[in-house]
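Please read the structure below before turning to the comments.
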Amino acid sequence: MLLIRCPFCGPRDETEFHYGGQAEIAYPADPSALTDEEWAGYVYLRDNPRGWFHERWTHSAGCRTWFNVRRHTVTHEIAQ
Amino acid sequence: MTQRLPIGGRVDRTRTLRFTFDGVAMTGYQGDTLASALLANEVRIVGRSVDLGRPRGVFGIGSEEPNALVRVGDDPMLTATTVELYDGLAASGLAGKGRLDPGFADDARYDKAYLHCDVLVVGGGPAGLAAALAASESGARVILLDEQPELGGSLLGARERLDGRPAMDWVAAAEARLSGVQVFTRTTAVGYYDHNYVVAVERRTDHLADRPAHISRQRLWHFRAGRVILATGAHERSIAFPGNDRPGVMLASAARAYVNRYAVRPGTRAVVFTCADSAFAAGDDLRAAGVEIATIVDARRGETVTRTVAGPDGALAGVEIGGRIVECDLLAVCGGWNPTVHLFSQSQGRLRYDQNIHAFVPHLSAQAEQSVGACRGTYGTAACIEEGYAAGGSAGNFRIPVSDARHEQPPAALWTSGAQEEAFVDLQRDVTVADVARSIGAGMRSVEHVKRYTTAGTGADQGKTSGPGTVGVMSALLGADPGAVGTTTYRPPYVPISIALLAGRERGILSDPIRVTSMHASHVARGAVFEDVGQWKRPWYFPLDGESMDDAVLRECAAARTAVAAMDASTLGKIDIRGADVGVFLDRIYTNMYSTLAVGACRYGVMCTADGMVFDDGVTTRLAEERYLMTTTTGNAAAVLDWLEEWHQTEWPELDVSFVSVTDHWATVAVVGPRSRELVTSLGVPGDMPFMTYREVGLGGVAARVYRISFSGELAWELNVPWAYGRTLWETVLERGAVPYGTETMHVLRAEKGFPIVGQETDGTVTPQDLGMSWAVSKRKPDYVGKRSHARPDAMRADRKRLIGLFSAERLAEGAQLVTAAGMVGHVTSSYHSAALDRPFALALSRDAHGPMEAVWDTRRVPVEIVSSVFYDPENLVRDGSPSTWPVSHEGDWLLDRPVSALDAYRDRFAVAGADAVVRAREIPLAIMRETHGADPGEDAMRLGPEWWIGPAGDVDVSGQRTIVELTGPRARDVLITGCALDLDPRVFGVGAYVQTMLGRAQVILRRVDDDAYHVYVRSSFAGYLAEWLLDALAEWSHT
């Protein structure tokens, strides 16, 4: 059971959160300017590293805040 | 009880307990385990082995026991060494495994609870006790667990003296000095998970002859610790030689503990076979108890036991040493010690093989964890105490006691002796050295492969005494270092636990929240048949006496199409959206336009995910210039709110927009049918409201919202009143002539109009265009979520599956495949019998809309005719009703004067449960609550998020959204910790503190309003679930 630190509510059990996938994938400024391949990259392609990963979570059972977490995908260590 | 010693031990000879084993009446003493009582009664053979049927007896002393498997009452498989004896216990031996009676339901109470601490110490032996003592001296919040009924660990079974006094005196003194430490005995840590999360089983009533039914038999504790100190001790291991499994062969430490702790001689004439010094103390203690020691065989002197000899009953009669037979009925074996590294390894700590003690020991910690004492490979009581105290983190002075135990020399590595056949590595799985040799001969080198091939280590004991032995045997056969062979993975649980324990109280009606609307009691009284939609109970149909479902649905449909009918539509998600930029925001979220919507107008919208697929749909209304009300599908309400927050917070934080869920605040009655106008105008609704408009109306003296929207194609109105008035409004609508209908009729009516249902016609691969809803997809907007995907070649393929209508001679099965000469082209998504059309019809997704087609399911092939997906009133002629029935509004000559709270039905049950109890629950009736996004609205508002407030003042009325339950009494916190994972320690969660979190399986706001008083704010639709959860929890305390 991961202990995730919500920036507003503090540390809570993982079951209070929903996972939001890789962080820092910005919505393209002008999707219509992208090729099909570039757009598919935005929609479908994400990193899947063995190691540190920058990812998003939302505190859905609490304050509903979306925030970023750095988590190690092998050890589940969370960088504070 | 011929093998019971007259004095000594920790049993209470004044309390004789009667029990039966395999039907034979016996007695033991308070303080016995079933195993010690069986040995006292000279029961040597407890059961048979699982594969070979060999006789087996007691081998160990605790949870490491591989042999002495018993059934006790309804518990199909336990180890006799861990069953505390009680009066009336009835046990029987097993042949290697228990049998679960499939008809048996375990009705005992089980539960769980959560605690937090700075330091969690696992193991109450000398090292753990010293660690807990030191940690408590440092001022830390400390929890100490031990699986035995009393603290002391290995000292319980030793004759060792500390500072010249019995070692248990030191234990008692140390225990008395533990200040503020929460001590849990009979509690076994079974799992060590991420971020110092340790799960333990407390056996609360298993040791009692009369188990109070209201107290949970076992409790699953969830501990979150700042630091974990593991002091889990060590397991002695055996040596593999032929016949090492016979009853009478026992671990030397176990034999020693039986005489010292239980005052039971496990035999009369013993041979000790060892490669470590600890067995000499066992020999001393056995001799002191009157057991004749025939000889001590120390492998370090070159002697070994090479086989055993059985008596007529199959139990031990002698052993072979150097070719001669020595008669004995007890063989005390010591093959060295394995530190109990299970929890350490579960925590993802790395092990190393210690060549000095020939065992795997903790190497690198992966968490804030420290192993101390024997589980770290440390030998000697004084050294373990010193190590434990140092780990506890006290700045104080502590005198390490002086032990009289002899200093131990390192053990030798001895894994096997004698032949391979019948030399058991794993007693519980009947795995021999020969089996391991065969697996290696077959080419296996990995211990994981050998484990799976031989099944060594896969028994209920999970190889506690055999695992490292298997590694040792492999290393001997391979000529490799055991450290290079490595161990198998240690996985939770450390000891077997029952599924009933894991389920806890989350069984029956508490297995998942049951959400109900404000009108639920009326539906029940009317005999509705319910359908589960997400967690909601929705009326499926309302059968009259003896009516079938098909007949009821036809009747309900006919009422909606020819007269007037009503449905409880409260479950649809409702989100109040405010701000200067709501229009812009909705233009980006929905595929169609909302910024241009007039105030007071409603519009149907579709929202897509970025891949262009339909995600949700519903009607959104512009309530005011900067305020909209969005409705979502019933099952998607929470997901849509997450979705809106995600886009706002992560992509468009510059937009002024905020969201308040009002799903539970508003109760919704849909009034449908050509005669619906007469009914709603009689209530005070303006009868001339145009289609797709909204009005605020006073209904029966209550501020209501009325929407002239239709999901059936008929003239229809959705009347919304706050939760407390929903039931009365519903009853009034029915009294005035509406026929109640359920979700099945709703589905038929909408399908006749060709309206898709998200999740039924869609499955995450369907675009709005596939549904024929290009009209709801804006071509003018520069962008919306999913727009770019709609321009991808795949979204524009000519052969995509599209929504079609089907006629057939009989009703098709939903999910049936559609087949043409070209093969499978699609599937049926909805299929009903239509009252209006008087024939079966269906909706389907198909890539082909031409040519002969059949629907195929099971063994059926039914020809279908492809038609338009709009079956009823395609010109929309009926949705405004007949102009001649447009009366003006009546003045409100009636009153919604009976507010009914969500907990109305629980008032009496709360009162009964709370009478004379140490904890009580009651409802706080009908408080005014408003939510605000932005600045603090004052009046003691609670801050729920960075800019999110709830209190008596504010922007959006949500008084019906939540119901408040007050929990009071000195045991209120004990109730809350059985369902709330947060740290509710009064030092952390002070008076006035509040949190949004989970209680049971419901989302709540929990506020501590006084020393022993809490307010729980729960969504009104979850209030019944929470009340049932609380009443169930209160049961434990209403008996005290």
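Rule-based calculations on the coordinates, nothing more; no lab input. Keep in mind that this is a model prediction, so the values were computed, not measured. Methodologically, a virtual Cβ is constructed for each residue, glycine included, from the backbone with ideal geometry; neighbour enumeration extends over all protein chains shown.
Per-residue Cβ counts within 10 Å, from other chains only, averaged over B:194-205: what number is that?
2
Using the number of other C-beta atoms within 10 angstrom as an exposure proxy, rank B:Met942, B:Met929 with the fewest first.
Least crowded to most crowded, the residues run B:Met942, B:Met929.
How charged is the neighbourhood of B:Leu427? Take every other residue with its Cβ under 13 Å from the Cβ of B:Leu427, and add Lys/Arg as +1 and Asp/Glu as -1.
-2
Averaging sequence separations of C-alpha pairs under 8 Å and six or more residues apart, then dividing by the length of chain B, give the relative contact order as a whole percent.
Details: 2570 pairs, mean separation 93.0, N = 1040.
So the answer I get is 9 percent.
If the only charges are +1 at each Lys and Arg Cβ and -1 at each Asp and Glu Cβ, what is the size of the charge dipole of the protein assembly as shown around the Cα centre, to the nearest 20 debye? Kindly include the intermediate steps, with their values, before the conclusion.
Numbers: 112 positive and 139 negative charges, 385 e Å.
That gives the protein assembly as shown a dipole magnitude of about 1860 debye.
With bins 20 Å wide starting at 0, give me the P(r) of the protein assembly as shown over every alpha carbon pair, in whole percents.
Reading upward from the zero bin: 11, 33, 29, 21, 7, 0.
For the range B:105-224, what is the percent of antiparallel DSSP beta bridges, rounded to the nearest 5?
Of those bridges, close to 50 percent are antiparallel.
Using a 10 Å cut-off around each Cβ of peptide A:9-16, what is the average number of partner chain Cβ atoms that fall inside?
Mean partner-chain Cβ count within 10 Å for A:9-16: 5.
Would you work out if the range A:3-79 is rounded, prolate or oblate? Take a ≥ b ≥ c from the square roots of the eigenvalues of the alpha-carbon gyration tensor; rounded if a/c is under 1.5, else prolate when a/b is larger than b/c, oblate otherwise.
Oblate shape, in that a/c is at least 1.5 and b/c is the bigger or equal ratio.
So what's the back-of-envelope 222 nm ellipticity for chain B, counting only DSSP H runs of four-plus at -39500 (n - 2.57) apiece and dividing by all residues, rounded to 500?
Working: 23 runs with 208 residues, N = 1040.
Value at 222 nm, helices only: -5500 deg cm²/dmol.
Rounded, prolate or oblate for chain B? Axes are the square roots of the Cα gyration tensor eigenvalues, ordered a ≥ b ≥ c, and the cut-off for rounded is a/c under 1.5.
Judged from the Cα gyration tensor, chain B comes out prolate (a/c at least 1.5, a/b above b/c).
Below 13 Å, Cα to Cα, which aspartates and glutamates can B:Lys753 reach? Residues fewer than 8 away in the same chain don't count.
Hits, sequence-local ones excluded: B:Glu714, B:Asp873, B:Glu875.
How charged is the neighbourhood of B:Arg505? Take every other residue with its Cβ under 11 Å from the Cβ of B:Arg505, and add Lys/Arg as +1 and Asp/Glu as -1.
0
Quick check: pseudo-label points 7 Å beyond the Cα along Cα→Cβ at B:Ala383 and B:Ser92, how many nm apart are they?
Each label point is offset 7 Å from its Cα along the Cβ direction, giving 4.8 nm.
Which FRET efficiency, nearest 0.05, do A:Asn68 and B:Thr489 yield, Cβ-Cβ r, R0 30 Å?
With a Förster radius of 30 Å, E is 0.40.
Helix-only mean residue ellipticity at 222 nm, chain A, DSSP H runs n ≥ 4 weighted -39,500 (n - 2.57), per residue, nearest 500. What is it?
It lands at -3000 deg cm²/dmol.
Using only the C-alpha atoms of the range B:637-789, find the volume of their convex hull and express it per residue in Å³. Display every interim value, and only then the final one.
On the way: hull volume 24.3 nm³, N = 153.
Per-residue hull volume (Cα only) is 159 Å³.
Rounded to the nearest 0.05, what FRET efficiency do B:Asp936 and B:Arg438 give with R0 = 56 Å and r taken as the Cβ-Cβ distance? Could you check? Before the final figure, lay out each step's value.
On the way: r = 75 Å, r/R0 = 1.33.
For B:Asp936 and B:Arg438, the calculated efficiency is 0.15.
Sort the following peptides by mean Cβ neighbour count (other Cβ atoms within 10 Å, averaged over residues), highest first: A:42-54, B:597-609.
Details: A:42-54: 12.2, B:597-609: 18.5.
Going by the mean number of other Cβ atoms within 10 Å, highest first, we get B:597-609, A:42-54.
State which entries of B:Lys112/B:Lys537; B:Lys112/B:Lys451; B:Lys574/B:Lys781; B:Lys537/B:Lys779 exceed 30 angstrom in Cα-Cα distance in the structure shown.
Flagged as over cut-off: B:Lys112/B:Lys451; B:Lys537/B:Lys779.
Go through B:Ser831, B:Gly805, B:Phe841 and say which Cα lies farthest out towards the positive end of the charge dipole of the range B:796-845; charges sit on Cβ, +1 for Lys and Arg, -1 for Asp and Glu.
Going by the charge dipole, the pick is B:Gly805.
Would you mind getting me the FRET efficiency between B:Glu303 and B:Ala419? Use the beta-carbon distance for r and R0 = 25 Å, nearest 0.05.
The value I calculate is 0.90.
Select from A:Phe17, A:Trp39, A:Ala29 the residue farthest towards the positive end of the dipole of the range A:1-49; place +1 on Cβ of Lys and Arg, -1 on Cβ of Asp and Glu, and compute about the Cα centre.
The residue sitting farthest along the positive end of the dipole is A:Phe17.
Rounded, prolate or oblate, given the Cα gyration tensor of the range B:532-609, with a/c below 1.5 counting as rounded?
Taking the square roots of the gyration eigenvalues as a ≥ b ≥ c, the range B:532-609 is prolate.
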